[in-house]
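To start, the structure itself, in structure tokens.
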Amino acid sequence: MSWSDLVKVLSGVFLAVVLIASGSFIAAQYVIAQFTALPPKPIFPNDNPSPNPSLQAKPVKAAQANPAAAKPTSSPTPSPSPSPTPSPQKREASGYRARIILSQGLNLRENPDRYAERIGGVDYNESIIILEDSPDGEWQKVRVESSGQEGWIKSGYTERAN
């Protein structure tokens with residue numbers, strides 16, 4: 001066996017090891033990337049729309065997609081509309097009945113703040129009247145029907161009663 005044959009064998013073995021190692025590294029990176037990717041954010045029916053309008057998807061109308069095909073149309077005559085209904089904010093101000101759906105119940109606080117003084121509690125499935133929501137939507141001012149006590153609870157743990 002000559003030196004050139006030995007070099008060819010060793011270089012072939014080295015090349016094979018490099019290819020197997022790099023292929024294994026790439027496969028491992030792919031698998032790691034698949035397991036560490038965040039799932040898509042779930043969308044629930046009671047979610048508020050995004051406060052940033054640039055993040056919302058805007059539908060494209062046919063006239064915008066092809067301006068040459070746009071034809072002027074006559075505007076329909078307006079029909080009389082029914083009297084306006086009160087806005088949701090006005091309806092919330094008058095209050096509505098609800099019940100607590102958190103199995104542990106909720107703390108009743110003096111102010112809409114996590115560190116505000118605890119003035120009582122509301123048990124699971126207890127009837128309440130929701131009087132108003134805080135400006136940030138994180139808290140709700142309620143009146144407990146059984147005791148008449150008023151205070152603030154964390155939003156999201158109530159269900160509107162029929």
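How much net charge surrounds Gln104 when only other residues with a Cβ under 15 Å from its Cβ are counted (Lys, Arg +1; Asp, Glu -1)?
Numbers: positive: Arg99, Arg118, Lys154; negative: Asp123, Glu126.
Once positives and negatives cancel, what remains is +1.
Taking a virtual spin label 7 Å from the Cα of Arg97 along the C-beta vector, which residues in region 105-139 bring their backbone nitrogen under 14 Å of it?
Within reach of a label on Arg97: 126-130.
Based on alpha-carbon centroids, what's the gap between region 99-120 and region 9-39 in Å, whole number please?
After rounding, the separation between the Cα centres reads 54 Å.
Note down, for region 1-40, the three equivalent ellipsoid semi-axes (square root of 5 times each alpha carbon gyration tensor eigenvalue), biggest first, whole angstrom.
39, 4, 4
Got a sec to turn the phi values of region 111-119 into Karplus ³J(HN,Hα) couplings, 6.51 cos²θ - 1.76 cosθ + 1.60 with θ = phi - 60°, whole Hz, x for Gly and Pro?
Computed from phi, the couplings for region 111-119 are 10, x, 8, 4, 9, 5, 5, 7, 10 Hz.
Using each residue's phi in region 148-162, evaluate 6.51 cos²θ - 1.76 cosθ + 1.60 at θ = phi - 60° and report the 3J(HN,Hα) Karplus result to the nearest Hz, with x for Gly and Pro.
x, 6, 10, x, 10, 10, 5, 5, x, 10, 10, 9, 4, 8, 6
Each value in this text was obtained by applying a stated rule to the coordinates, not by laboratory testing. Quantities reported herein were computed from a predicted structural model and do not represent experimental measurements. Ideal geometry is used to build each Cβ from the backbone, glycine not excepted, and the neighbour counts take in all protein chains shown.
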